[in-house]
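Asker: This is the structure I want to talk about, given as structure tokens.
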Amino acid sequence: MKIKTIQDILPLIERPSRYLGTEINSIKKDPDKVKLKVALAFPDLYEIGTSHFGLQILYHILNKHKEIAAERVYAPDLDMESYLKSSHIPLMSMESHSPLKNFDIIGFSLLYELNYTNVLTMLDLAGIPFFSSERDGSFPLIIAGGPCTCNPEPVADFFDAMVVGDGENVIVDISMTWLEWKEVAGRNKEDLLKRLSLIKGIYIPAFFNSTNSSAGSKSFFQIPQARFSDYKVITREIIADLDTAPFPDAPIIPFGKPVHDRLRLEIARGCTRGCRFCQAGMIYRPVRERSVNRLLNLFDASLAATGYEDISLLSLSTADYGSIVSLMEQLMSRCEPGHIAVSLPSLRAGTLTPELINLIKRVRKTGFTIAPEAGSQRLRDVINKNITEQEIVDTVQDVFSLGWLVIKLYFMIGLPSETDKDLLAIVELVKRLRKIKVRAGRRGQINVSVATFIPKPHTPFQWAPQVSLTESREKIEMLRANLKMPGIHFKWQNPEVSMVEGLFARGDRRLSGLLVDAYKKGCKFDGWGDRFQYALWETAFFDQGLDVDRYTTRSRDVTDRLPWDHIDIGVTKEFLKLEWKKAKRGEHTPDCRRGDCNACGVCDFEPQKRAHSPQLAAGLTSESENSKLPYGRRFPVPLKRDCGELQTIEPKLFEPGKEEPGQDIVNEFLYNKGDAAGKKAGLYTRVRVSYSKQGQAKYFGHLELVNIFLRALRRAGILMKFTEGFHPMPKVSFDDPLPIGMESLNESLDLVVCGSVKPDAVTTALNNHLPEGLLVKGCQISSSKPAIKQQKSATYLVELKEGCFDKQKLNDFIKSSDFVQTRVNRKGKSKKIDLKDLVLNIKLTSSRGMMIRLRSEPGRTARPFGIIKGIFNLSEEIIKQATTIKL
């Protein structure tokens with residue numbers, strides 16, 4: 001079979017929609033009209049990468065510049081990778097399907113050490129040498145950013161430049177520097193690197209030599225040595241004011257099922273709680289908060305541009321936001337009428353109050369996770385987790401008493417100074433929480449998750465040893481055995497995964513050779529439990545002569561030089577040493593936002609925007625008063641983005657000042673005059689929508705098609721009726737789902753909307769919000785519930801791309817009295833089917849074309865794929881690549 005392009009591969013793989021690049025709010029620019037092309041690379045699957053908020057921010061910032069085009073690329077799954085390699089097709093970007101090698105800059109997001117092998121996968125597929133020293137100015141500039149750059153050394157040899165800190169300003173500085181260099185110096189890479197080194201937060205690995213520790217040192221690390229006297233320390237870049245920082249208010253809406261399939265609103269950055277194990281709590285200081293008014297405006301714009309039904313408030317500790325109750329009250333006044341759920345993903349016991357819980361449940365009960373981290377109070381004091389057991393108990397009690405049935409608890413094993421008594425305290429705490437009853441008088445479900453503690457750079461525990469694999473397994477097994485009881489679900493992270501993560505977390509440049517070796521042996525997607533292959537890593541350790549324990553289980557001395565000492569993240573080493581000493585004494589350090597300064601070193605004490613008081617948040621401007629109205633009727637409706645421009649239509653909206661506060665304001669562009677209060681009056685209309693699904697839309701699975709339409713309806717301002725109960729859902733029903741890869745000229749869905757709509761306006765509005773390949777052909781008003789589907793058959797056109805239909809085999813089928821095939825379902829059960837009973841009519845239109853009419857009844861529905869394979873005995877690849885259209 002000949003495979004020449006990505007389009008030839010899509011029919012052959014799972015989840016092809018992850019490679020389309022036609023999502024709502026994606027931006028495609030004319031490459032001839034830009035001077036700089038940037039590929040934003042995420043070294044994990046599409047479903048993970050599209051959930052990363054930082055990539056959305058960079059995409060938004062870069063594409064605002066007329067001279068810059070930013071596109072995305074994710075690590076392809078194993079099936080796509082295999083076809084790319086066997087067909088000699090390079091890895092390409094999402095938007096324009098351009099080879100990565102043709103971009104000027106490729107920027108990787110490094111969020112997780114176990115994604116490092118995927119970086120090599122992507123470079124390999126792009127035909128780009130791994131090592132920076134092997135790339136001259138003819139190759140793209142390879143850069144990286146993200147939390148892993150706080151110790152860049154294990155992967156420093158692969159990158160030309162690395163960003164330490166917040167990237168909003170730095171990415172613009174890099175781009176402008178590249179454009180200036182291009183005009184002046186052309187292809188001199190050394191000159192470009194020198195220019196980039198002048199930018200705050202930029203680390204140029206080539207400007208540091210890696211050498212072994214000096215004689216007499218107890219450290220065995222390779223320590224970076226600066227080549228230039230004026231470039232010895234890289235200072236982290238910090239965005240001082242989040243209110244003025246760029247925010248992606250029209251984020252890309254992924255296809256499929258991303259890990260975080262919701263609108264994300266970053267309310268704050270940084271944390272001062274001071275947990276001694278937490279790297280994020282150290283490297284993201286100081287705390288900066290967006291104001292309530294700014295957040296409400298961002299919410300309005302973002303929801304209008306996306307149509308999401310869920311929103312998540314992002315922060316390291318959401319309930320610590322200075323005006324969390326005021327913000328939640330105003331968000332819920334907008335969200336409740338549109339059944340939009342709000343979740344707070346990162347909460348501390350003691351901060352989750354009944355008031356907050358009641359606000360959240362006004363729409364839908366979203367999940368709660370509490371992280372006690374340790375079972376005993378002694379060990380929580382050691383790690384500075386300033387919560388008491390009673391606060392944990394009270395929080396779980398509140399959650400269960402207010403109607404929740406499930407709560408998740410997160411613990412770590414192997415923390416510094418941990419004893420068997422501390423482990424048993426986890427068991428006792430869980431048992432105590434298990435006794436708490438939910439409203440109905442029965443026990444709730446408690447999901448306990450355990451992971452091995454991994455010491456991270458720039459934390460007080462950076463000098464601590466990581467427990468060995470044997471110890472980790474023993475501790476987990478002890479907990480598993482003792483928590484095996486009804487109402488408790490126990491799961492854990494593979495200790496071998498934790499060991500490899502710990503190796504790279506505190507490693508040096510010697511690990512770059514190990515990484516290449518492991519990749520060549522087949523290691524990739526190491527963060528996925530079902531793909532992690534520790535045996536291959538062990539072989540690589542042996543072949544590289546690497547003593548893993550010297551990096552992981554060995555204690556460090558506070559006088560040792562460390563591979564990341566040249567990275568200044570703001571928190572001083574003296575502060576970390578002091579906290580390490582206090583941890584050994586079991587002393588806690590209070591939160592500086594609620595007491596005296598702890599002198600961590602990150603604050604320069606210059607005036608900057610930080611916390612916002614509830615009193616300030618309550619003083620709304622006239623603009624904010626207007627935005628107290630329910631979602632969706634305040635702004636022009638955003639349409640598809642193309643060539644970097646956001647097009648809009650201008651529907652006739654409500655007259656300001658004439659609506660009642662809190663009333664649903666209905667768009668008169670869509671609704672008949674006088675029906676603005678249709679929902680309140682109980683007036684509903686049933687609408688049948690007819691649409692076609694062609695081109696790349698054939699790769700949408702049924703569930704993602706449902707999501708696409710529901711969010712398009714929200715963006716279009718069409719008010720839907722919802723079901724009753726604990727989890728209200730829009731009253732929408734679809735015809736029988738089509739298999740992935742099949743096109744159709746006439747599908748339909750039925751929905752119930754509020755008020756009396758104008759069918760033609762609904763058609764226009766929906767078409768303005770649907771992705772490429774989906775087209776609404778018309779809408780009809782119905783006065784009754786949709787009847788059960790009466791269609792007895794369906795007709796299909798099939799056109800082969802390769803091969804041909806055997807006319808003799810077709811004649812044999814037509815003449816036969818029966819044609820029995822045995823099929824095996826997903827559960828492994830076999831079933832005999834007579835194809836003659838399913839095929840009502842079949843004829844060839846050419847050697848590669850065929851028209852077939854199949855029975856379509858409950859329990860007796862057939863699809864062309866199985867029929868064609870049975871009659872003509874064609875390979876699955878040939879059948880999958882055929883064009884099949886349902887008429």
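The values are calculated or read from the model by the stated rules, or taken from the named source; none is laboratory data. All figures in this text were calculated on a predicted structure; none of them were measured in a lab. Reconstructed Cβ throughout: ideal geometry from the backbone, glycine too, with neighbour counts over all protein chains shown. Protein only, heavy atoms only, side chains kept; ligands, DNA and RNA dropped before computing areas. Shrake-Rupley method; radii C 1.70, N 1.55, O 1.52, S 1.80 Å.
Asker: Would you list, by chain and number, the lysines whose Cα falls below 20 Å from the Cα of LYS521, excluding same-chain residues fewer than 8 positions away?
Answerer: LYS85
Asker: In whole Hz and in residue order, list the ³J(HN,Hα) couplings for region 247-259 that follow from phi through the Karplus curve 6.51 cos²θ - 1.76 cosθ + 1.60, θ = phi - 60°; x for Gly and Pro.
Answerer: Couplings: 9, x, 7, 9, x, 5, 9, x, 7, x, 10, x, 4 Hz.
Asker: Just to verify a number: what accessible area does MET122 come out at with the full protein assembly present, 1.4 Å probe, Å² rounded to tens?
Answerer: 0 Å²
Asker: Quick check on the chain: helices-only [θ] at 222 nm, where DSSP H runs of length 4 and up contribute -39,500 (n - 2.57) each and the sum goes over total residues. Nearest 500, please.
Answerer: Calculated at 222 nm, the ellipticity per residue is -8500 deg cm²/dmol.
Asker: How far apart, in nanometres, would the label points at ASP547 and CYS597 be if each is projected 7 angstrom from Cα along the Cα-to-Cβ direction?
Answerer: If labels sit at ASP547 and CYS597, their model points lie 4.4 nm apart.
Asker: Over region 373-511, what is the relative contact order in whole percent, taking alpha-carbon pairs under 8 Å and six or more residues apart?
Answerer: In percent, rounded to a whole number, it is 26.
Asker: Heavy atoms only, probe 1.4 Å: what % of the accessible area of region 692-759 goes to carbon and sulfur, would you let me know?
Answerer: 58 percent
Asker: Place a +1 charge on the Cβ of each Lys and Arg in region 381-509 and a -1 charge on the Cβ of each Asp and Glu, then give the dipole magnitude about the Cα centre in debye, rounded to the nearest 20.
Answerer: 680 debye
Asker: Name the long-range amide H neighbours of ILE413: under 5 Å, sequence gap of 5 or more, or other chain; modelled H, no Pro or chain starts.
Answerer: Answer set, sorted by chain and number: ALA451, THR452, PHE453.
Asker: If you plug each phi of region 529-540 into the Karplus form 6.51 cos²θ - 1.76 cosθ + 1.60 with θ = phi - 60°, what whole-Hz ³J(HN,Hα) values come out, in order, with x for Gly and Pro?
Answerer: x, 7, 10, 6, 10, 5, 4, 5, 5, 4, 5, 5
Asker: Something else now. List, in the order given, every pair from LYS421/LYS475; LYS2/LYS33; LYS194/LYS232; LYS421/LYS484; LYS809/LYS836; LYS524/LYS801 whose Cα-Cα distance in the structure shown is over 22 Å.
Answerer: LYS2/LYS33; LYS524/LYS801
Asker: While we're looking at this one, here's another question. Report, by chain and number, residues whose modeled amide H sits under 5 Å from the one on TYR684, excluding near sequence neighbours (fewer than 5 apart, same chain).
Answerer: GLY755
Asker: Then there's this: Of the options LEU193, LEU576, LEU242, report the single residue whose Cα projects farthest towards the positive end of the charge dipole of the chain (beta-carbon charges: Lys, Arg +1; Asp, Glu -1).
Answerer: Going by the charge dipole, the pick is LEU242.
Asker: Please list GLU428, GLU153 in order of solvent-accessible area, largest first, computed with a 1.4 Å probe with all protein chains present.
Answerer: So the residues, ranked largest to smallest area, are GLU428, GLU153.
Asker: Also, quick follow-up: At 0.36 nm per residue, and after removing the present C-alpha to C-alpha distance, how many nm does the segment from HIS727 to LYS827 gain when stretched out fully?
Answerer: Once the chain is fully extended between HIS727 and LYS827, it gains 33.0 nm.
Asker: Considering only protein heavy atoms, what is the solvent-accessible area of PHE490 at a probe of 1.4 Å, reported in Å² to the nearest 10?
Answerer: Per-residue accessible area (PHE490): approximately 30 Å².
Asker: Taking only the alpha-carbon atoms of region 385-486, what semi-axes of the equivalent ellipsoid follow from 5 times the gyration tensor eigenvalues under a square root, in whole Å, largest first?
Answerer: The answer is 29, 16, 11 Å, longest axis first.
Asker: Karplus couplings for region 474-485 from phi (6.51 cos²θ - 1.76 cosθ + 1.60, θ = phi - 60°), rounded to Hz, Gly and Pro as x?
Answerer: Here the 3J(HN,Hα) series is 5, 5, 5, 5, 4, 5, 4, 5, 7, 9, 7, 7 Hz.
Asker: Counting only C-alpha contacts under 8 Å and six or more residues apart, can you give the relative contact order of the chain as a whole percent?
Answerer: 12 percent
Asker: Would you grab the residues whose amide H sits under 5 Å from the one on ALA371? Only those 5+ places off in sequence or on another chain, please, with H modelled 1.01 Å from N.
Answerer: ALA349, TYR410
Asker: Now for a different question. Sorted by accessible area with a 1.4 angstrom probe, largest first, how do LYS182, LYS582, LYS573 fall?
Answerer: LYS182, LYS573, LYS582
Asker: Could you report the accessible area of THR388 in Å², rounded to 10, computed with a 1.4 Å probe on the protein chains as they sit in the structure?
Answerer: Rounded to the nearest 10, the figure is 60 Å².
Asker: Per residue, how many Å² of accessible area does the chain show with a 1.4 Å probe?
Answerer: Here the per-residue accessible area is 41 Å².
Asker: Under a Cβ-Cβ cut-off of 14 Å, what is the net charge of the residues other than ASN482 that fall near it, where Lys and Arg count +1 and Asp and Glu count -1?
Answerer: +2
Asker: Suppose every K and R has +1 on its Cβ and every D and E has -1 on its Cβ; what is the size of the dipole of the chain about the Cα centre, in Debye to the nearest 20?
Answerer: 2840 debye
Asker: Do the alpha carbons of any pairs in LYS35/LYS698; LYS66/LYS777; LYS64/LYS182; LYS731/LYS880 sit beyond 31 Å of each other, and which pairs?
Answerer: In this structure, LYS35/LYS698; LYS66/LYS777; LYS731/LYS880 lie more than 31 Å apart at Cα.
Asker: Can I ask one more? Relative to the present Cα-Cα distance, how much length would full extension add between ASP394 and ARG473 at 0.36 nm per residue of separation?
Answerer: Length gained, ASP394 through ARG473: 25.3 nm.
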